[in-house]
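This report refers to the structure that appears directly beneath it.
The values are calculated or read from the model by the stated rules, or taken from the named source; none is laboratory data. Computed from a predicted model, the values in this text were never measured in an experiment. No Cβ is skipped: glycine too gets one built from the backbone with ideal geometry, and neighbour counts run over all protein chains shown. Surface areas here come from the heavy atoms of the whole protein model, side chains and all, with no ligands, DNA or RNA. Shrake-Rupley method; radii C 1.70, N 1.55, O 1.52, S 1.80 Å.
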Amino acid sequence: MTPPFGALAPSPFQERVRARAARLPDTPVGRRAASLYLRAAGGKSGRAFDVTIFETERARLHPYDNISEKRVFITSQFWEAEERAALAAFIAQGAGPFRFLDVGANAGLYTLFARSAARAAKRPFSAIAVEPASEMLARLRFNLAASGAERDVEVFECAAGASEGGGAFRTDERNRGESRLAAEGERKVRIRPLAAVIEEAGFSSIDAMKIDIEGSEEAALKGLFAGAGERFRPRLLIAELSHSGPLTALLGAEGYRETIRTRRNGVYERG
């Protein structure tokens, strides 16, 4: 039986270490110090921790086998800071309901961040989270429940692609965020076009989107653009680029302009 949120809380000492790590500067020295703080906070102990993240959300983080969870656990200020700042600013500038699409949702951290930013902007929030990995799907659902976000987020257990089908999925147990569709894998997963997922969720439009699916971004976006016309094209798009060489050309052809480029990702706006 899965213990409830709070059962795996850090000790008072570990929380003090985390609070100090949260003040580290995003510099080479700060990043080197983060690894020391991570060990002191129990991040290398092979266990999970129940913590509050992004001011208002709650999550059970597993810092030992997933880099994004590790970074949010010990130094959330280092985790995709430019991309998240752009997303928060985009949410704050708008009004009315905010609709988010999280493709490769992992443990749900981007979805929870967007939810927190929407709450700060006093905007109603709804999201679609797409995740094919069974372990990450369980973590995602736990974190949504712990944060009271189950009604806000429609979860789809599938991979995203250009068309309906199936494929092999390979799990990276050292960094679960790098699990992916592959020619060979330990299990088969369903692949769905994003337009079909959005339609099934009952969304009429998407305001912002994050996609990080380890090299399958181009196929998924081509399927979205071809299958949905103008209906579901987000005005803000955060995409991983490190595995997707042709992606920038595709987005440029679809009317997106790059506003931020980081080591791993690009932020694009349209309209």
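Here are the numbers:
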| quantity | calculated |
| --- | --- |
| Looking only at region 227-265, and only at residues there that are touching a strand residue (DSSP E or B) at 6+ places or on another chain (Cβ under 7 Å) and part of a loop (DSSP other than H, G, I, E, B), the one that is farthest from Ser163 (Cα to Cα) | Arg264 |
| Residues that are within 14 Å of Arg99 (Cα to Cα), of a type in the set (Asp, Glu) and in contact with a strand residue (DSSP E or B) (Cβ under 7 Å, 6 or more places away or on another chain), drawn from region 179-220 | Asp207 |
| Options Phe125, Phe142, Phe156: the member that is open to solvent by 10 Å² or more (accessible area, probe 1.4 Å), of a type in the set (A, V, I, L, M, F, W, C) and either more than 17 Å from the chain's Cα centre (by Cα) or under 22 Å from Ala92 (Cα atoms) (or both) | Phe125 |
| Those residues of region 70-95 which are assigned to a helix (DSSP H, G or I) and surrounded by fewer than 19 Cβ atoms within 10 Å (Cβ to Cβ), in sequence order | Gln77, Phe78, Ala81, Glu82, Ala85, Ala88, Ala89, Ala92, Gln93 |
| Those residues of region 45-57 which are open to solvent by 10 Å² or more (accessible area, probe 1.4 Å) and within 15 Å of the chain's Cα centre (by Cα), in sequence order | Phe54 |
| Filter result (modelled with pLDDT of 80 or more, open to solvent by 30 Å² or more (accessible area, probe 1.4 Å) and not β-branched (Val, Ile, Thr)) within region 241-258 | Ala249, Gly252, Ala253, Glu254, Gly255, Arg257, Glu258 |
| Members of region 230-247 found to be farther than 25 Å from Ala95 by Cβ and out of contact with any Lys or Arg (no Cβ under 9 Å at 6 or more places or on another chain), listed by number | Ser244, Gly245, Pro246, Leu247 |
| Neighbours by Cβ (under 6 Å, 6+ apart or cross-chain): first from region 133-156, at pLDDT below 95; second of a type outside the set (Val, Ile, Thr) | none |
| Top-ranked residue in region 110-126 [being in a helix (DSSP H, G or I) and among the small types (Gly, Ala, Ser); ranked as nearest to Lys210 (Cα to Cα)] | Ala114 |
| Selection within region 18-32 - under 14 Å from Lys70 (Cα atoms) and surrounded by 16 or more Cβ atoms within 10 Å (Cβ to Cβ) | Arg18, Ala21 |
| All positions within region 204-217 that are surrounded by fewer than 20 Cβ atoms within 10 Å (Cβ to Cβ) and in contact with a Ser or Thr (Cβ under 9 Å, 6 or more places away or on another chain) | Glu214, Gly215 |
| Given (1) part of a loop (DSSP other than H, G, I, E, B); (2) open to solvent by 40 Å² or more (accessible area, probe 1.4 Å), number of the condition Pro63 does not satisfy | (2) |
| Qualifying residue in region 105-112 (condition: touching a Phe, Trp or Tyr at 6+ places or on another chain (Cβ under 8 Å) and surrounded by fewer than 21 Cβ atoms within 10 Å (Cβ to Cβ)) | no |
| Residues satisfying the stated conditions in region 20-53, i.e. part of a helix (DSSP H, G or I) and either among the small types (Gly, Ala, Ser) or touching a Ser or Thr at 6+ places or on another chain (Cβ under 9 Å) (or both) | Ala21, Gly30, Arg31, Ala33, Ala34, Ser35, Tyr37, Leu38, Arg39, Ala40 |
| Which listed residue is open to solvent by 60 Å² or more (accessible area, probe 1.4 Å) and among the basic types (Lys, Arg), from Arg190, Arg180 | Arg190 |
